[in-house]
Every structure is written in structure tokens, then in C-alpha cells.
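Participant: Please find one structure pasted underneath; my questions will follow.
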Amino acid sequence: MLRAINKKVDAAQPDFHAFLSVYATPSESLCDRFAELDRARFGEVAGVNDRGYYENSFHFPSYLDTNPVAKISFEAEYTPLTPGGFMFYVEAPNLTDNPAAFEAIWDEAYDHVGYFGINSPADVCFVCDFEGEFTCDRHGYVCPSCGNRDETKANVIRRLCGYLGAPMKRPVVAGKQEEIASRVKHA
């Protein structure tokens, strides 16, 4: 599909006074908006639009279990097909106590992909001093130790669509929240 899109872009290039290119990471709000529009138009299609969101670009599905090397290998094949830009990342458990794992993942990415990040949660609750990963549900984030949901008494950072955000302080669209909640750690 990306090859076909690139051919269309190349064919359209003479009509523009700027360079056209395929960019691989869509906006945060489109992940659920396009899925909703497609369900209205085509009905629910199992394995395609039956979740409240679409995955960003060519990423390995966030809800499927894999390991960092397999994910990087799968996504690396798309690099030449997205010359306008792309983002690679893996979800990892908190790696503060395992710097060797962090470095091994980073080395693998360095050898195979461009722009890369490791999502390793380090949330903090200012009520009970919990440090680790908050639980994510359809209502947002909650401290697994004391149940705190107050965004003024906690710090939660997540990768949203290529950028880091504080979803307790600035909630994301419902589809992106569902996608974040479904992310499987790549260990």
C-alpha cells in the first residue's frame, strides 16, 4: 500500500511548488475519528476497525505481544517508504533498574531504524509516594497504590503520537486513550 501511495505522490509532484512526501505518523485526533467514520461507512470489520482507534501508520499492533527486536525488525522495513518522516518506539516496563536492557534495545534500534524512543513509565504519586506505572483505564490514570486520580497530585507522562504528553493534565481523545490502555510491554 505504501508503495502505491508513494507512486501517487511522485506522479503528483510536478503539480506542486513544494516537495511532497509520505509521512508515517498521523495526528492524535485522527486515530479514533477515522475509525469512527469507517465504521459508519463500512460497518464494523473484525480486525480492521473493531477497536475505538486505528494504530498509527505502520506500527506493529500495540495490543499484540512481541519483543523489542521483532517489533523493530517489522517496522524497519517501512523506513524507505516514508521519506517524509516516521517514528519508532517500543513499550517497555520500567527500566530504571535494568540499564543493560535499555542499552540493548537502543543498540538494536540504532542499527536498524531512525527516530526512536523507548516508552518506559516512571509515574509518581505525590499522595503516597508511589513510583512506577499508573494503571490506565477508560477514565484515565490511577495510582495502583492509593487510587489517586488527581492530576495535581501526580505526574504521568506518556508518548502520544510521537511526542510526550501529560494525559492526566491534558486528557487525550478517547481512541488514543484506548490505544494507550491496550499497549503491551515489549519485554
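The values are calculated or read from the model by the stated rules, or taken from the named source; none is laboratory data. What you are looking at is a predicted structure, and each value in this text was computed from that prediction instead of being measured. Don't worry about glycine lacking a Cβ; one is built from the backbone with ideal geometry, like all the others, and counts go over all protein chains shown.
Participant: Need at least 3 residues that are under 24 Å from V184 (Cα atoms) and in contact (Cβ under 8 Å) with a residue 12 or more places away in the chain per element, so show me which helices (runs of 4 or more DSSP H) inside the stretch 1-112 make the cut, counting only ones lying wholly within it. Before you say what the answer is, go through the steps one by one.
Facilitator: On the way: elements: 2-12, 30-42, 68-76, 99-112.
Ranges flagged: 30-42, 68-76, 99-112.
Participant: Something else: Which of the residues belonging to the stretch 161-187 are outside any loop (DSSP other than H, G, I, E, B), surrounded by 14 or more Cβ atoms within 10 Å (Cβ to Cβ) and free of Cβ contacts under 8 Å to residues at least 24 places away in the same chain?
Facilitator: Quick first cut of the stretch 161-187, residues outside any loop (DSSP other than H, G, I, E, B) only: 164-165, 174-182.
If we keep only those that are surrounded by 14 or more Cβ atoms within 10 Å (Cβ to Cβ) as well, we get 165, 174-182.
Passing the criteria: only G165.
Participant: Can you tell me which residue is nearest to the chain's Cα centre (by Cα) among those in the stretch 125-160 that are outside any loop (DSSP other than H, G, I, E, B) and among the polar types (S, T, N, Q)?
Facilitator: Taking the stretch 125-160 first, the residues outside any loop (DSSP other than H, G, I, E, B) are 125, 131-132, 135-137, 140-142, 151-155, 158-159.
From the residues that got through so far, the ones that are among the polar types (S, T, N, Q) too are 135, 152, 155.
On the way: T135: 17, T152: 25, N155: 19 Å.
Out of the qualifying residues, it is T135.
Participant: So, in the stretch 129-142, how many residues would count as being closer than 29 Å to K71 by Cα and either in contact with a Ser or Thr (Cβ under 6 Å, 6 or more places away or on another chain) or buried (at least 16 other Cβ atoms within 10 Å of the Cβ) (or both)?
Facilitator: The initial filter retains those residues of the stretch 129-142 that are closer than 29 Å to K71 by Cα, namely 131-142.
Keeping just the survivors that are either in contact with a Ser or Thr (Cβ under 6 Å, 6 or more places away or on another chain) or buried (at least 16 other Cβ atoms within 10 Å of the Cβ) (or both) gives 133-134, 136, 140-142.
Final tally of qualifying residues: 6.
Participant: Okay, moving on. Might you let me know whether the stretch 31-43 holds any residue that is at pLDDT 95 or above, on the phi > 0 side of the Ramachandran plot and out of contact with any Asp or Glu (no Cβ under 6 Å at 6 or more places or on another chain)?
Facilitator: Yes, there is a match, as at least one residue in the stretch 31-43 is at pLDDT 95 or above, on the phi > 0 side of the Ramachandran plot and out of contact with any Asp or Glu (no Cβ under 6 Å at 6 or more places or on another chain).
Participant: How many of the residues in the stretch 171-187 are under 15 Å from R51 (Cα atoms) and either at pLDDT below 80 or out of contact with any helix residue (DSSP H, G or I) (no Cβ under 7 Å at 6 or more places or on another chain) (or both)? Show your work before the answer.
Facilitator: Filtering the stretch 171-187 for residues under 15 Å from R51 (Cα atoms) gives 173-183.
Restricting the remaining residues to those that are either at pLDDT below 80 or out of contact with any helix residue (DSSP H, G or I) (no Cβ under 7 Å at 6 or more places or on another chain) (or both) gives 177-178, 180-183.
Residues flagged as under 15 Å from R51 (Cα atoms) and either at pLDDT below 80 or out of contact with any helix residue (DSSP H, G or I) (no Cβ under 7 Å at 6 or more places or on another chain) (or both) within the stretch 171-187 amount to 6.
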